[in-house]
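Peer 1: Quick one: this structure, given as structure tokens, is what I'll be asking you about.
The values are calculated or read from the model by the stated rules, or taken from the named source; none is laboratory data. Here the structure is a predicted model, which is why all the values come from computation and not from measurement. Counting neighbours? That spans all protein chains shown, and the Cβs are built from the backbone with ideal geometry, glycine included.
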Amino acid sequence: MSETPADLESNVGDDDHVFITRKRKNHEEVAGLNLTAMMDVMTILLVYLIKLYSDAPENLTLNDDLRAPASSAPDAISPAVRVMISKGAIIVDDKPVLKIKDGKIVTEDPANMYAPLNAALQKRVDDLRAIALRTGGPDFDGILMVVADEDTPYGMLTGVLGVAGRAQFTSYRLTVRHKKE
């Protein structure tokens, strides 16, 4: 028995259910669509996609302030905590932590000039461990990707790597750009 549009009557109840009422021989049958379950599925899908794209290789934006040294090494970027050393700042995961002027770190306390960097890296390690504990995902792997300007002083680069080592980073990946042939 096919139903005509006149036999279907749409009733919108509370926010959780949309009901379609079918009229049949002196009684009504109610079929519901549970929006709460649909929202759960959409949330799971969203979390999956965020996780999928967060593990995608990094896209690095280089500008006049940050120019990586040239290399003929193959492309192999994998996810890691990123520290960028430009001509104007040291940045941890897109958040500036130290200012640089004329190749030197601008600070009021030269004895603890890397303290803000250490705090930012340690916070990132703690966040990654907490996420791994909550989600049951892989534990903190200790990988740090360093994107430094080609004119970065060697002393500053080793200072950043030393701070990273104290913050429990054990593997370093230095980013370069391809040489144009």
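Peer 1: Can you tell me which residue is surrounded by the fewest Cβ atoms within 10 Å (Cβ to Cβ) among those in region 87-120 that are at pLDDT below 90 and either in a helix (DSSP H, G or I) or hydroxyl-bearing (S, T, Y) (or both)?
Peer 2: Only one residue fits best here, namely A111.
Peer 1: Here's a follow-up. For the subset of region 121-142 comprising residues that are in contact (Cβ under 8 Å) with a residue 12 or more places away in the chain and outside any loop (DSSP other than H, G, I, E, B), which member is nearest to P153 (Cα to Cα)?
Peer 2: L121
Peer 1: Take the residues in region 143-178 that are small (G, A, S) and in a helix (DSSP H, G or I); name whichever of them is surrounded by the most Cβ atoms within 10 Å (Cβ to Cβ). Before you say what the answer is, go through the steps one by one.
Peer 2: From region 143-178, those small (G, A, S) are 148, 155, 159, 162, 164-165, 167, 171; that's our starting set.
Checking which are in a helix (DSSP H, G or I) leaves us with 155, 159, 162, 164-165.
Details: G155: 10, G159: 17, G162: 12, A164: 24, G165: 14.
Result: A164.
Peer 1: Being over 19 Å from K95 (Cβ atoms) and either touching a strand residue (DSSP E or B) at 6+ places or on another chain (Cβ under 9 Å) or assigned by TED's automatic domain parsing to the domain that holds S86 (or both) is true for just one of A164, A132, A115. Which residue is that? Outline the logic, then answer.
Peer 2: Values: A164 fails: over 19 Å from K95 (Cβ atoms); A115 fails: over 19 Å from K95 (Cβ atoms).
Answer to the check: A132.
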